[in-house]
1. Does A:Thr75 qualify as being farther than 19 Å from B:Gly30 by Cα and open to solvent by less than 50 Å² (accessible area, probe 1.4 Å)?
2. Inspect the range A:99-118 for any residue being out of contact with any Lys or Arg (no Cβ under 9 Å at 6 or more places or on another chain) and within 14 Å of chain B (Cβ to nearest Cβ) and give the result as yes or no.
3. Among the numbered criteria (1) surrounded by 22 or more Cβ atoms within 10 Å (Cβ to Cβ); (2) free of Cβ contacts under 8 Å to residues at least 60 places away in the same chain, which one does B:Glu194 miss?
4. What do you reckon, is B:Gly34 within 14 Å of chain A (Cβ to nearest Cβ) and either surrounded by fewer than 20 Cβ atoms within 10 Å (Cβ to Cβ) or not in a strand (DSSP E or B) (or both)?
5. Among the numbered criteria (1) touching a Cys at 6+ places or on another chain (Cβ under 7 Å); (2) within 14 Å of another protein chain (Cβ to nearest Cβ); (3) open to solvent by 10 Å² or more (accessible area, probe 1.4 Å), which single criterion is violated by B:Lys77?
6. Looking only at residues that are open to solvent by less than 50 Å² (accessible area, probe 1.4 Å) and in contact with a Ser or Thr (Cβ under 8 Å, 6 or more places away or on another chain) in the range A:14-38, which one is farthest from the other protein chains (Cβ to nearest Cβ)?
7. Just the residues that are within 14 Å of chain B (Cβ to nearest Cβ) and either closer than 17 Å to A:Thr78 by Cβ or open to solvent by less than 60 Å² (accessible area, probe 1.4 Å) (or both), please, taken from the range A:1-13.
8. From B:Thr87, B:Thr60, B:Thr45, B:Thr106, grab the single residue that is in a loop (DSSP other than H, G, I, E, B), among the polar types (S, T, N, Q) and either surrounded by 16 or more Cβ atoms within 10 Å (Cβ to Cβ) or within 21 Å of the chain's Cα centre (by Cα) (or both).
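The values are calculated or read from the model by the stated rules, or taken from the named source; none is laboratory data. Bear in mind the structure is a predicted one, so any value in this text is a computation, not a measurement. For neighbour counting, all protein chains shown are included, and Cβ atoms are generated from backbone atoms with ideal geometry for every residue, glycine included. Heavy atoms of the whole protein, side chains included, go into the accessibility calculation; ligands, DNA and RNA do not. Shrake-Rupley method; radii C 1.70, N 1.55, O 1.52, S 1.80 Å.
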Amino acid sequence: MIEFHLNDRSGLSPYQQVVRQVRHALRLGLLEQGDRLPTVKDVARQLAINPNTVLKAYRELEHDGLVAARPGVGTFVTRTLADGTLAAHGPLRQDLRRWLTKARLAGLDEESIEALFMNTLRNEAGEDVA
Amino acid sequence: MSAVLRAQALGKKYKQRWALRDCDLDIPAGRVVGLVGPNGAGKSTLLNLASGLLTPTAGTIEVCGGRPAAGVDQLAKVGFVAQDTPTYASLSVADHLDLGRHLNPTWDDALARDRIRRLGLDPKQRAGKLSGGQRAQLALTLGIAKRPQLLILDEPVAALDPLARREFMQDLMEAVAEHEMSVVLSSHLVSDVERACDYVIVLVDSRVQVTGDIEDLVASHHRLTGPRRDPDTLPTGLHILSASHTERQTTLLVRTDTAVHDPGWTVSPLGLEDIILAHMTRPADAVRDSRPALEVLR
């Protein structure tokens, strides 16, 4: 069982934070297939948030095929995100290290690197949508 | 879904002053509605009209399909926790539950007793000796145990310390999850509203400034920043809430239903607090003319 936390300064709505934390837990292997998510009532109480928000987050996870609701029993993990992605981390991290070295050699400081990375990531995401 | 609260051209006048006017609302059932606005904006007036403690000077208001407090059935449908969560100081906790049981046909005594036990309140304790947080919890217990379709709370946590405030909101959200009731609560703290509510009404200067589903509002409001521009060349389809200019830069807070594709603007999201503040400080003439047509630039 996982516990959710809300960060008021994250810039994400409570609903997005709940979705993200489940996906994160799936990726890290904190949640495995067959695990039950906390009930809507428990999350609403623990975080003092609107139960509709929790329901909506769980529905999105269900729509993505990550969890399944069994009426009267609870919401269960049906798929994990851990295996494939973790294996790919090693080589990607190495590529990123090399890129970071290049960026520093080009004279970029930490802040510029972060801005460049976030900017590129956002533009890419924007192009996907358009 | 049916409306839990509907108002048409609703107004309330005290002597010479309109405390609330031209209020149109249509709030679907099953929502937790945050009513926000500065002091004196008319929040309590609206809530007192909804609970039937006040009668309208103009227009109509309906809650749960009937006139507020029109009869026994109608009274049973709506719970009301007034400002500062009032209780009877000389009556004990148990007396309050007895009162609730005798006055409410739909009273859930098991729920009330269970809540009092879980809160650790001594049934023999007089309400006047309770802490602010405990008193608020007692008032909430009465409101929930009546099993209303709509629970109205006027600034329920304003006087509470942060811990008592959190505990109160936790219990309220748990009750919403358990009993499928609609809630309208007023607050001047946007952070409470952001977590607990999925619908918002912003009242300013006795008028409804903006109302709607919070997620829709967040999705449709943006901050645009870019090189300084003449206001006449601004994009169409944008409802501009505020515009500020420096020598080189223009910053706009806008509401729009379509995406802004103009690469000249950097578009960033607005949080609920920024949106509410933008609507609160909107100049009066912009309110009358709610969607000015502006020139195209995309």
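1. yes
2. Yes: the range A:99-118 contains one or more residues that are out of contact with any Lys or Arg (no Cβ under 9 Å at 6 or more places or on another chain) and within 14 Å of chain B (Cβ to nearest Cβ).
3. (2)
4. Spelling it out, it is not the case that B:Gly34 is within 14 Å of chain A (Cβ to nearest Cβ) and either surrounded by fewer than 20 Cβ atoms within 10 Å (Cβ to Cβ) or not in a strand (DSSP E or B) (or both).
5. Failing condition for B:Lys77: (2).
6. A:Gly29
7. Listed by number, the residues that qualify are A:Phe4, A:Leu6, A:Ser10, A:Leu12, A:Ser13.
8. On inspection, the qualifying residue turns out to be B:Thr87.
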